[in-house]
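I have placed the structure first, in the form of structure tokens, so that the comments after it can refer back to it.
The numbers here are math on the coordinates, done by the rules we state, and not lab data. On a predicted model such as this, the values are computed, not experimentally measured, just so you know. Because the Cβ atoms are built from the backbone with ideal geometry, glycine has one as well, and the counts that use them run over all protein chains shown.
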Amino acid sequence: MSAESFDYSTLLRPDLPPAAARWAGFPAYNFVGGHNDAASVPIEELAAAAARVLQRDGRQLATYGLDSGPLGYRPLREFIAGKLARDAGISCTPDEVLITSGSLQGLDLVNQVLLAPGDTVIFEQATYGGAITRVKRLGVDIVGVPVDHDGLSSQGVRKALESLGRRGIRPKYIYTIPTVQNPTATVMSEARRTELLALSRAYQVPIFEDECYADLVWTGKRPRALRAMDGTDRVIHIGSFSKTIAPALRIGYLVAGWPLLSRILGIKNDGGSGALEQMILAEYCAKHFDAHVAALRTTLRGKLDALAGALEAHFGTTAEFEYPAGGIFLWVTLPKPVDTTRLAQLALQAGIAINPGAEWMTDAEPGRSRLRICFAHASPAVLQEGIARLAQVCRREFDVPPVAGAVHR
Ligand SMILES: Cc1ncc(COP(=O)(O)O)c(C=O)c1O
């Protein structure tokens, strides 16, 4: 029996976001969020790693911070520092790595130490919805700059910095997802990285680099991180194990110099991020990370091809997209008459969940006919069936794709 209800409505703080809906299970065709391939979760190896690490270090669970202090389990920080040096060119010590509860906590922590209401930040115009909502909730202004095939437009950033400068505004940071951008999946070119860093230096505006997809570039070779190229503490770097191992683990990390990290630690007063997850990941990743991620990339690419084929078969030329350089998302543009926010509502009634583009843009209007599809979780068969059904819903409501225009195979 549930407890008698109590009316909290008059007690709630006035600036809360809308109430959450109760979870009603996943829809049959679940193409939203960052869920990953279930069959790729390395269950046996994680279980073996858990047994080994608990036998060896389990008594450390008796202390907050696992005898490693507030930055997190030291063997995991050592793994991350070593991997970032090898793969992303970042030179940092384990004491410049903070383990966070997912990179979402990294976003929150950086925002909490840097942002106050009325501040301004520069974002990629198409970007991670979770980053947009967080910053908006803090009463911070976002200036969106276009992203193209080569990543964030440095010319656009220059214009934004100049125009803000004329109004006496120094933005708090430039937020970018340079390698396998969410949602466009583009990889920022080396030239753009250099230009962006020069602007950051000239205008003394830090860069906030969010890299949770960088290990999922199809070539297996991620470019040097902005933090590596800069060589100063002007770039804050965050990453995550959500897209490479499993999102439910809730383990991410933040790399920054001690002057900023010490301020961040001052507000990360949560007693430490999940201890078992940190221990198991450290034990597992040291031996298995590279082989696991290489296999995952192959699986994901196969699913992407299934999705691309389904879009071609059921939407024909009405669905435009650039083939992603890696990752788990496809960013699709439909013809102008399609309002993807409305399409997402109708599709959900038919059991298909998609992310409407407006939620992934700093200005909703340019995202009106775009949508983001996550291809990592669904099987190729479910992707194909779901896209066929999505095309039916879209045709019924918007006459897109038109019956004659679709290329049926
Ligand atoms: C760009 C970006 N940053 C951060 C996150 C948050 O990831 P997590 O908290 O699972 O590490 C996501 C999740 O999709 C993302 O796409």
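Excluding same-chain pairs closer than 8 in sequence, count the lysine pairs in the chain whose Cα atoms lie under 17 Å apart.
Within the chain, the lysine pair count is 7.
Here's how it looks for Gly326: its modeled amide H is under 5 Å from those of Trp218, which are all 5 or more places away or on a different chain.
What is the extension gain from Tyr64 to Ala85, computed as 0.36 nm multiplied by their sequence separation minus the C-alpha to C-alpha distance, in nm to one decimal? Walk me through the intermediate numbers first.
Values: separation 21, 0.36 × 21 = 7.56 nm, distance 2.83 nm.
Full extension from Tyr64 to Ala85 adds 4.7 nm.
Evaluating 6.51 cos²θ - 1.76 cosθ + 1.60 at θ = phi - 60° for every residue in segment 367-384, the Karplus couplings come out as x, 4, 10, 10, 8, 10, 10, 8, 9, 6, 8, 6, 6, x, 5, 5, 4, 5 Hz, glycine and proline recorded as x. Considering only alpha-carbon pairs that sit under 8 angstrom and 6 or more positions apart, the relative contact order computed for the chain is 22 percent.
For the chain, give me the percentage of DSSP beta bridges that are antiparallel, rounded to the nearest 5 percent.
Values: 21 of 37 bridges.
Counting only bridges with both partners in the chain, antiparallel ones make up about 55 percent.
Residues whose amide H lies under 5 Å from that of Thr100, counting only those 5 or more places away or on a different chain, are Gly252, Tyr253, Leu254; hydrogens are built 1.01 Å from N in the peptide plane. A cut-off of 5 Å between modelled amide H atoms, ignoring neighbours fewer than 5 places along the same chain, links Thr120 with Asp141, Lys172.
Are there trypsin sites (Lys or Arg not before Pro) in segment 1-65 that DSSP marks as loop and that have at most 12 other Cβ atoms within 10 Å, and which are they?
Values: sites: Arg22, Arg52, Arg56, Arg59; in loops: Arg22.
The qualifying sites are Arg22.
Note on Val41 and Ala19: the model spin-label points, each 7 Å out from Cα along the C-beta direction, lie 3.1 nm apart. Taking chymotrypsin sites (Phe, Trp or Tyr not before Pro) across segment 8-72, the ones in a DSSP loop with at most 13 further Cβ atoms lying within 10 angstrom of their Cβ are Tyr8, Trp23, Tyr64. In this label model, Ala388 and Gln204 are separated by 6.2 nm, measuring between points 7 Å along each Cα→Cβ vector.
Would you calculate a helix-derived [θ] at 222 nm for the chain, using -39,500 (n - 2.57) for each DSSP H run of n ≥ 4 and dividing by the full residue count, to the nearest 500? Display every interim value, and only then the final one.
On the way: 11 runs with 159 residues, N = 409.
For the chain, the value works out to -12500 deg cm²/dmol.
Arg263 to Ala3: extension gain in nm, 0.36 nm per residue of separation minus the Cα-Cα distance? Write out the running numbers ahead of the final one.
Working: separation 260, 0.36 × 260 = 93.60 nm, distance 4.16 nm.
Length gained between Arg263 and Ala3: 89.4 nm.
The overall shape of segment 1-75 is oblate: from the C-alpha gyration tensor, with semi-axes ordered a ≥ b ≥ c, the ratio a/c is 1.5 or greater and a/b is no larger than b/c. Converting phi to 3J(HN,Hα) with the Karplus coefficients 6.51, -1.76 and 1.60 and the offset θ = phi - 60°, segment 52-67 yields 5, 6, 5, 4, 7, 10, x, 5, 5, 5, 5, 10, 4, x, 6, 6 Hz in sequence order, with x at every glycine or proline.
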